Amino acid sequence: FSVNPDPAFTNAAATFSWVVSDVNGDNLTCLLDVDNDGTTDFTINDCANITSQAHTFALAGDFTARLTVSDGVATAVESTLDFTVLPALSAEVSVNAPVVSTDRILYTITVANASPIPIDNVNVSLTVPAELSFHRNADAEPDTGCGCSPGQIATWSLGTLAAGESRSISVNALVDNVLDDTVVLFPVTVSATGINNIEIN
C-alpha cells in the first residue's frame, strides 16, 4: 500500500496503489479512507485488478490512509499508510484599498512554490473587472498580453518556479464608474502542470 508522490502536494493528484490477492481467487473489494476519519472515500470493486485510485488533497498536513480489503466471506484485512501532504503552489492578492473613483489602485499577485520540487508551466490569468482598466505594459509588471479593458483577460507566463521560489505581479489599475462602498472582485486564476487551478476573487 503506497502513495505517489510521497510526500503528496495540495491541489495535485496523489495516487494510492496497492497489491492484493485472494488465495481462493474470490473477487476482492477495497474500501479506501484517504485520511483515516472513519469514512470510506472510495469503494473499488475487483481491486485485485484495479490497483490504484487518485485523490486530491486541499489541505496540507500529516495523514494516515486506511485500505480495507474484503472477499465478502473472511474477515476483512486492513492496512494503513502514514504520509505527508505539503503545500505546492500558493497564491494571494494584496491591494492598497480603499480608493475612490478615478483613483488608481495597486494590486499585487504573489505566487509561491512551497514544495521541494520545481513546478512547471506556472500561468496567471486575470479577467479585468468592469470597474477597472489598465495599460498592458505601463501599468503592469511584468507586461501582459491584453488591452486590459473590462472583460478582457490578462495573462502572465511565469514558467518554472523552483522549489521555494515566489514571484509577484503588480497591476496599477484605474478605478472608473464606481459608487461608494462598492466591493470590486479581482478574479485571478493560477494554473501549472500537475496542479489543480487556484481561483481567487
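The values are calculated or read from the model by the stated rules, or taken from the named source; none is laboratory data. Just so it is clear, the structure is predicted and the values come from calculations on it, not from any experiment. Please note: Cβ atoms are built from the backbone with ideal geometry, for glycine as well, and neighbour counts cover all protein chains shown. Note: areas computed on protein heavy atoms with side chains; ligands, DNA, RNA excluded. Shrake-Rupley method; radii C 1.70, N 1.55, O 1.52, S 1.80 Å.
Find how many whole Å separate the alpha carbon centroid of the range 24-61 from the alpha carbon centroid of the range 111-175.
Using only Cα atoms, the two centres lie 38 Å from each other.
Show me, for the range 74-84, the HN-Hα J-couplings you get by feeding each phi into the Karplus relation (A = 6.51, B = -1.76, C = 1.60, θ = phi - 60°), rounded to Hz, glycine and proline as x.
Once θ is set to phi - 60°, the couplings for the range 74-84 become 7, 4, 4, 10, 10, 9, 10, 9, 8, 7, 10 Hz.
For the pair ALA54 and GLU199, how long in nm is the line joining their label points, each one 7 Å along Cα→Cβ?
Taking the two extended label points, one gets 1.9 nm.
Which listed residue (LEU126, ALA48, PRO7) has the Cα farthest towards the positive end of the charge dipole for the range 1-138, taking +1 on Lys and Arg C-beta and -1 on Asp and Glu C-beta about the Cα centre?
Highest projection toward the positive end goes to LEU126.
Provide the FRET efficiency to the nearest 0.05 for the ASP103-THR155 pair, computing r from the beta carbons and using R0 = 35 Å. Can you show the working numbers first?
Details: r = 26 Å, r/R0 = 0.73.
Efficiency, from the Cβ-Cβ distance: 0.85.
What residue among LEU59, LEU32, LEU132 has the largest mean-square fluctuation in a Gaussian network model of the chain, using Cα springs under 10 Å?
Evaluated over the chain, the most mobile residue of the options is LEU59.
Carbon and sulfur atoms: what percent of the 1.4 Å accessible area of the chain do they account for? Before the final figure, lay out the partial values.
Working: 5130 of 10580 Å².
Percent of accessible area from carbon and sulfur atoms in the chain: 49.
Can you tell me which of THR51, THR75, THR155 moves the most in a GNM of the chain? Springs connect C-alpha atoms under 10 Å apart.
So, out of THR51, THR75, THR155, the one fluctuating most is THR75.
Order 83-92, 142-151 from most to least packed using the mean count of other Cβ atoms within 10 Å.
Result, highest mean first: 83-92, 142-151.
Mind checking the per residue accessible area of the range 47-201 for me, 1.4 Å probe, whole number of Å²? Mind dumping the intermediate values first?
Working: 8210 Å² over 155 residues.
Accessible surface, normalised per residue, equals 53 Å².
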